[in-house]
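The structure appears below as structure tokens.
The values are calculated or read from the model by the stated rules, or taken from the named source; none is laboratory data. Please read these numbers as outputs of a predicted model, since none were measured by experiment. When we count neighbours, we look across all protein chains shown, and the Cβ atoms used for this are built from the backbone with ideal geometry, even at glycine.
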Amino acid sequence: MDYHDNNHPKAKFYKKLTFIGFTVKMKPIKKIPKKDIPDEYEDKCNIDVELTLDAVTTASNYDIAIFLTGDGDFSKLVEYLRLLGKQIYCVSTMRVSAIELRNTVDKFIDLEDIKDIIKLEPKK
């Protein structure tokens, strides 16, 4: 999947993110058969290792990291980055965020609290 492909449904959004300085990482989604449910699949991406490697190998290039996830698997990475003196923010929702991650970051921002600020207004 390539966000440079203008046919990608979110290509314009991803290009805007890169324009303002974000690094956009993408990985194809795999369809994994659901156990005991014939002909049904779940989407799986497993990009955690790639993101972790990027965060560690580029740590000298940033002071603040912003995680847009609630995945508790990132709590050990956050601990390590904080040992390096990095400031870590997590943006997610309370209902899907692991307590281990929320307790490890410097600041947790609940999307519910900022939804009025960040919501997309319909075009007029």
Original post:
Which members of the stretch 88-105 meet the condition of being assigned to a helix (DSSP H, G or I), buried (at least 18 other Cβ atoms within 10 Å of the Cβ) and of a type in the set (A, V, I, L, M)?
Top reply: Leu101
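Which members of the stretch 47-62 meet the condition of being under 19 Å from the mean Cα position of the chain (by Cα) and exposed (fewer than 10 other Cβ atoms within 10 Å of the Cβ)? If you could, list the steps in order and put the result at the bottom.
Applying the first criterion (under 19 Å from the mean Cα position of the chain (by Cα)) to the stretch 47-62 yields 47-59, 61-62.
Val49, Thr57, Asn61 - these are the residues of the stretch 47-62 that are under 19 Å from the mean Cα position of the chain (by Cα) and exposed (fewer than 10 other Cβ atoms within 10 Å of the Cβ).
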Original post:
Of all residues in the stretch 53-82, which are within 19 Å of Ile29 (Cβ to Cβ) and of a type in the set (Val, Ile, Thr)?
Top reply: Thr69
Original post:
Given the conditions (1) closer than 29 Å to Gly72 by Cβ; (2) modelled with pLDDT of 85 or more; (3) loosely packed, with under 10 Cβ neighbours inside 10 Å, and given that Glu40 satisfies all but one, which numbered condition is not satisfied?
Top reply: (3)
Original post:
If you take the residues of the stretch 23-55 that are part of a helix (DSSP H, G or I) and either in contact with a strand residue (DSSP E or B) (Cβ under 7 Å, 6 or more places away or on another chain) or among the hydroxyl-bearing types (Ser, Thr, Tyr) (or both), which of them is farthest from Asp71 (Cα to Cα)?
Top reply: Ala55
Original post:
Condition test on Gly85, is it surrounded by fewer than 11 Cβ atoms within 10 Å (Cβ to Cβ), more than 21 Å from Val24 (Cβ to Cβ) and small (Gly, Ala, Ser)?
Top reply: yes
